[in-house]
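Report on the following structure.
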Amino acid sequence: MKIKGSHTLAVPRGVVWEAILDPEVLSRTLPGCEDMAPVGDNRFRGKLKMKVGPVQGVFEGGVELLDLDPPNGYSLKMDGKGAPGFVNGNGSLRLEDTDDGGTLLHYEIDAQVGGRIAAVGQRLLDSSAKVLTRQGLQGLEQQLAARAPAPAETAADSASTAEAPAPAPAGGSEAVPAAPSQAAFAGRFAAGMAREFWPYLVGGGLVVLAAIAISLRACS
């Protein structure tokens with residue numbers, strides 16, 4: 001199973017680079033991630049709750065980052081196993097500056113899956129991978145928005161702020177978006193899968209209607 005694509009992020013490359021090395025950011029970004037912690041230099045282990053068609057369960061595994069080239073990207077190696085089966089793979093992330101000061105993220109993953117999860121079929125696996133990738137990128141955008149430096153204030157804004165300082169956020173730090181709950185993740189995943197399979201559902205519905213029409217004409 002191959003996952004490949006690009007995505008534009010509206011923050012500088014240095015901010016993106018720091019984020020994709022932070023296990024807290026990654027744990028809030030990965031859909032279904034229940035736990036992630038460093039276990040060595042550029043090595044992380046965690047749990048990921050997954051549901052693909054009728055197959056669901058928890059994977060336990062690890063990710064190792066290799067060939068780090070700050071702030072341009074890195075390669076990665078991953079493995080995981082659980083009741084649904086296993087997944088092993090490798091890939092890469094590459095970052096480029098955009099003309100407007102943002103970052104273009106290129107990603108490529110080549111994964112092998114086995115066990116019960118492989119029995120759901122290639123189309124369902126590919127569609128699930130697309131939905132999870134899209135949700136992961138949306139989660140990364142939210143985390144980056146919280147990390148991005150605030151735009152420079154105008155002189156009038158600065159004077160107004162000096163006269164009436166805003167109260168500090170609770171806890172003394174900027175609020176960071178939390179990872180979605182399992183219920184929210186399941187709802188978003190179901191909606192994403194519906195979008196992926198809508199063309200096939202529509203096509204199937206038309207075939208059924210055509211078959212019914214032919215049958216009615218044959219019986220009339």
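Looking for whichever is on the phi > 0 side of the Ramachandran plot, exposed (fewer than 15 other Cβ atoms within 10 Å of the Cβ) and of a type in the set (D, E, K, R) here; the options are Asp67, Asp100. Which one fits?
Asp67
Identify the single condition in (1) surrounded by fewer than 15 Cβ atoms within 10 Å (Cβ to Cβ); (2) at pLDDT below 85 that Ser128 does not satisfy, given that it satisfies every other one.
In the conditions (1) surrounded by fewer than 15 Cβ atoms within 10 Å (Cβ to Cβ); (2) at pLDDT below 85, Ser128 misses (1) alone.
Restricting the first residue to region 1-29 and requiring it to be among the aromatic types (Phe, Trp, Tyr), which pairs with a second residue that is open to solvent by 20 Å² or more (accessible area, probe 1.4 Å) meet a Cβ separation below 7 Å and a spacing of at least six or different chains?
Trp17/Pro70; Trp17/Pro71
To keep it simple, each residue is scored yes or no on (1) surrounded by fewer than 18 Cβ atoms within 10 Å (Cβ to Cβ); (2) acidic (Asp, Glu); (3) free of Cβ contacts under 8 Å to residues at least 24 places away in the same chain.
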| site | (1), (2), (3) |
| --- | --- |
| Lys77 | yes, no, yes |
| Val87 | no, no, no |
| Leu93 | no, no, no |
| Glu108 | yes, yes, no |
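List pairs: first in region 55-75 and closer than 19 Å to Val120 by Cβ, second small (Gly, Ala, Ser) and surrounded by fewer than 16 Cβ atoms within 10 Å (Cβ to Cβ), Cβ under 7 Å, 6+ apart or cross-chain?
Taking only residues 6 or more apart or on different chains, the pairs are Gly57/Ala83.
Can you find even one residue in region 163-181 that is in contact with a Pro (Cβ under 8 Å, 6 or more places away or on another chain), surrounded by 14 or more Cβ atoms within 10 Å (Cβ to Cβ), over 18 Å from Ala10 (Cβ atoms) and modelled with pLDDT under 90?
Let us first name the residues in region 163-181 that are in contact with a Pro (Cβ under 8 Å, 6 or more places away or on another chain), namely 175, 180.
Cutting the leftovers down to surrounded by 14 or more Cβ atoms within 10 Å (Cβ to Cβ) gives us 180.
Among the residues that remain, those that are also over 18 Å from Ala10 (Cβ atoms) are: 180.
Adding the requirement that they be modelled with pLDDT under 90 leaves 180.
Scanning region 163-181, I find at least one residue that is in contact with a Pro (Cβ under 8 Å, 6 or more places away or on another chain), surrounded by 14 or more Cβ atoms within 10 Å (Cβ to Cβ), over 18 Å from Ala10 (Cβ atoms) and modelled with pLDDT under 90, so the answer is yes.
Of all residues in region 131-150, how many are open to solvent by less than 50 Å² (accessible area, probe 1.4 Å) and either under 22 Å from Gly61 (Cβ atoms) or of a type in the set (Ser, Thr, Tyr) (or both)?
9
State yes or no: is Val52 open to solvent by less than 20 Å² (accessible area, probe 1.4 Å), in contact with a Gly (Cβ under 8 Å, 6 or more places away or on another chain), closer than 18 Å to Lys2 by Cα and not small (Gly, Ala, Ser)?
No: the conditions fail for Val52.
What pairs can you find where one residue is in region 115-129 and under 11 Å from Pro54 (Cα atoms), the other is of a type outside the set (Val, Ile, Thr) and surrounded by 17 or more Cβ atoms within 10 Å (Cβ to Cβ), and their Cβ atoms are less than 6 Å apart, with a gap of 6+ or different chains?
From region 115-129, the pairs are Arg116/Pro84; Arg116/Gly85; Ile117/Pro84; Ile117/Gly85.
So, of the residues in region 51-84 that are farther than 28 Å from Gly14 by Cα, out of contact with any Phe, Trp or Tyr (no Cβ under 9 Å at 6 or more places or on another chain) and in a strand (DSSP E or B), which turns out to be modelled with the lowest pLDDT?
Only one residue tops the list, namely Val52.
Go through (1) under 15 Å from Glu141 (Cα atoms); (2) touching a Ser or Thr at 6+ places or on another chain (Cβ under 9 Å) and name the single condition Ile3 misses.
Of everything listed in (1) under 15 Å from Glu141 (Cα atoms); (2) touching a Ser or Thr at 6+ places or on another chain (Cβ under 9 Å), Ile3 misses just condition (1).
The values are calculated or read from the model by the stated rules, or taken from the named source; none is laboratory data. All of these numbers come straight from a predicted model, not from anything done at the bench. Heads up, the Cβs are rebuilt from the backbone with ideal geometry, glycines too, and the neighbour counts pull from every protein chain shown. When the accessible area is computed, the model is the full protein with side chains, heavy atoms only, and any ligands, DNA or RNA have been set aside. Shrake-Rupley method; radii C 1.70, N 1.55, O 1.52, S 1.80 Å.
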